[in-house]
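Note sheet for the following structure.
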Amino acid sequence: MPSNNAFGADNQQERLELAYWITGFTDGEGCFSIAVIKNATTRFGKQIFPEFVVTQGAKSLEALEEIKKFFGCGKIFVNKRYDNHHEHLYRYCVRSIPDLQYKIVPFFERFALHTYKQNDFVIFKKVVTMMSRKAHLTEKGWMRITQLISQMNRKKKRF
C-alpha cells in the first residue's frame, strides 16, 4: 500500500520509477529543440527559441498530463489533424528558460537519456545555460549558440 507521507519510502520509490519512465518515454517520443525564428523586434532580427517537447496521440494524452504534473510546468497543446489519421496529436512543451534551467535540465542530468537524444540534450543544456546568462544578446554569444544548434537533431544544416 502506498504511503500517504509525501516523503515516505513508498512515495520516493514511486517517484523514482516515474522518473525512469519519463526518461524512457522521452527517449522514444521526446525532443530537445532550439528553433531560430524571425523577430524584427530583437537585436539580430531573429529569436532563439528552446523547447522540450513530448508528443503523443489523443489516446495517450494521459501520459503527457502525468509528465506535466511531474515537472510542474509547461503546457499541452493540440495539433489537430484532418488527414487519414483518426486522432489529434498532443504536445507537452516547456519553453520557459527558468523552467528549462531549473527543472528540465537538472532532471535529465540525473536521469540520463540512452539514445542519440542525449547528445542533443548536452547541446540544449549549453544553450539554455548561455541564454540564462544573456549570452544570446551579444554577437559572440549569438554566433556560438547558432553554431551549437547546427550540431543538434542529427546535425541538420541550418545556418
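Using the structure shown, decide if Val78 is surrounded by 15 or more Cβ atoms within 10 Å (Cβ to Cβ) and either over 30 Å from Gly141 (Cα atoms) or modelled with pLDDT of 95 or more (or both).
Details: surrounded by 15 or more Cβ atoms within 10 Å (Cβ to Cβ): no; either over 30 Å from Gly141 (Cα atoms) or modelled with pLDDT of 95 or more (or both): yes.
Taking the combined requirement at face value, the residue does not satisfy it.
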Inset, instruction - Can you tell me which residue among Glu62, Glu66, Glu14, Glu51 is at pLDDT 95 or above and more than 30 Å from Lys126 (Cβ to Cβ)? - result: Glu62
Legend entry - Residue pairs meeting the criteria (Cβ under 7 Å; at least 6 apart or on separate chains; first without any contact (Cβ under 8 Å) to a residue 12 or more places away in the chain, in the stretch 113-133; second not acidic (Asp, Glu)): Gln118/Ala112
Legend entry - Scan of the stretch 82-132 for residues that are touching a strand residue (DSSP E or B) at 6+ places or on another chain (Cβ under 8 Å), of a type in the set (Asp, Glu) and modelled with pLDDT of 95 or more, ordered by number: Asp120
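Kindly indicate whether Gln118 is over 16 Å from the mean Cα position of the chain (by Cα), surrounded by fewer than 16 Cβ atoms within 10 Å (Cβ to Cβ), among the polar types (S, T, N, Q) and not in a strand (DSSP E or B).
Values: over 16 Å from the mean Cα position of the chain (by Cα): no; surrounded by fewer than 16 Cβ atoms within 10 Å (Cβ to Cβ): yes; among the polar types (S, T, N, Q): yes; not in a strand (DSSP E or B): yes.
No, not satisfied.
Of all residues in the stretch 40-96, how many are of a type in the set (S, T, N, Q) and under 24 Å from Tyr20 (Cα atoms)?
Let us first name the residues in the stretch 40-96 that are of a type in the set (S, T, N, Q), namely 41-42, 47, 55-56, 60, 79, 84, 96.
Still in the running and under 24 Å from Tyr20 (Cα atoms): 55-56, 60, 96.
The total comes to 4.
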Legend entry - Contacts under 7 angstrom Cβ, first residue in the stretch 69-82 being within 14 Å of Gln56 (Cβ to Cβ), partner at pLDDT below 95 and of a type in the set (A, V, I, L, M), 6 or more apart: Asn79/Leu89; Arg81/Leu89
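The values are calculated or read from the model by the stated rules, or taken from the named source; none is laboratory data. For clarity, every value in this text was computed on a predicted model and none was experimentally measured. Every residue, glycine among them, receives a Cβ derived from its backbone with ideal geometry; neighbour counts consider all protein chains shown.
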